[in-house]
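Have a look at the structure below before the remarks.
Each value in this text was obtained by applying a stated rule to the coordinates, not by laboratory testing. Please read these numbers as outputs of a predicted model, since none were measured by experiment. Neighbour counts run over all protein chains shown; Cβ positions are idealised from the backbone, glycine included.
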Amino acid sequence: LLLLLALVTLALGLVAHRLLAPSGNPFARPPSGPPRPLVTEPRARDKVLKQGFSANRVPPELDAVVIGSGIGGLTAAATLAKAGKKVLVLEQHDQAGGCCHTFEDQGYEFDVGIHYVGQMHEGSMLRVALDQLTDGQLCWHRLPDPYDEVTLGTRRYQLRSGKTTFVTALEEQFPEDKEAIREFMKISKVGHAALGGAISPGLPSAWSGQLWEVDVGLEMVVVVAPMGVGRGMDDSRVTGTVGTDMAPVPHSPFPPAGTAPQDSSFLVNLLMVHHYQRGAWYPRGGASEIAFHCVPVIERAGGAVLVRAPVTRVLLSPTGAAVGVAVQKGPSEEEEEVQIFAPCVISDAGIFNTFGKLLPPSLRSHPGTISPVSL
């Protein structure tokens, strides 16, 4: 969900500007230059994406340690690096990137996470965020229209690019469901605005006013909330207003969300539909290009991204504050661990791994963590 990446980047950028970079905004300058030629030589790519962990490769005097090199971890690390902070990213896999990494099988390269990405048009918040995190080195190719096709038995339905064209194409293919389509798209717009409302308390009021112009207010509470969080897309109260074929078609891009429609909330699917209304893009060179160009940004500030570095636990002070991490030194759990200290520890390992495995039981039982971990 790269849409969330843009929001996280924005929030981190504001924090970096206000707290970490008093001399100026680290995002004030545009990317350093035009995209360079694509690097395809495996050894050259491995030098960036497959730097193995060892104690002597840990930079001294770290400002932060990030657990996991997925898009969230790289976003946090690159944002802090843009503010001049020295960050170490630790990845347990043999390649950086998380769901943005690729692998080869029988001479073919496969993506593990990104199939295509929405809202990558020039000037979009997501495009600006990724340009900043990668020094503008990513090239995005727009998929031809129609960018996707849904096959139900012998019938085929197309998803077309453009905020108006997307809706018009659905109405032409499902004329009996025009009113339901328009109502759904209206709710989709409200749901997208609600996402901004979710982070607006942490942003300055001026930013909130500029970014979220749609007043969700009572409409969000009455329309989206009752339908959204706990209801899957196969719920009869969601699908009951449209025809049998129509129900799954707008939600066909569920593979990029990583969850089948019946297992994801209505609100998540609303956001996915809004995300792809303008069409879909794909990064030149594949998804691993995102990590490939984030790593140099982190290294330029003195940081590092090291793989084969399984973090076994978060180190805590006597008062319970995170002060570092412990990394398993070798393949055997009995081998000596390496302790790495930093004033800031950021986990991109997921809430269940973070609270269920990396923190001690005493902290897991804290009232503030019981609710999210027991979901």
**Item:** Lys, Arg +1 and Asp, Glu -1 on Cβ, resulting dipole of region 90-150 about Cα centre, debye, nearest 20
**Value:** 280 debye
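Mind checking the full-extension length gain between residue 55 and residue 109? Use 0.36 nm per residue of separation minus the Cα-Cα distance, one decimal, nm.
Details: separation 54, 0.36 × 54 = 19.44 nm, distance 3.19 nm.
Roughly 16.3 nm would be gained on extension.
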**Message:** Once you place label points 7 Å from the Cα toward the Cβ at residue 172 and residue 158, how far apart are they in nm?
**Reply:** 0.7 nm
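In what order do 282, 276 fall by count of nearby beta-carbon atoms within 10 Å, going from fewest to most? Intermediate values should be presented prior to the final figure.
On the way: 282 19, 276 22.
Starting with the residue having the fewest Cβ neighbours, the order is 282, 276.
Given the peptides 91-102, 178-189, 286-297, arrange them by the average over their residues of other C-beta atoms within 10 Å, most packed first. All intermediate terms of the calculation are to be shown ahead of the outcome.
Working: 91-102: 21.5, 178-189: 17.0, 286-297: 23.9.
For the peptides 91-102, 178-189, 286-297, the packing ranking is 286-297, 91-102, 178-189.
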**Item:** Modelled FRET efficiency - R0 45 Å, residue 32 with residue 99, Cβ distances, 0.05 increments
**Value:** 0.95
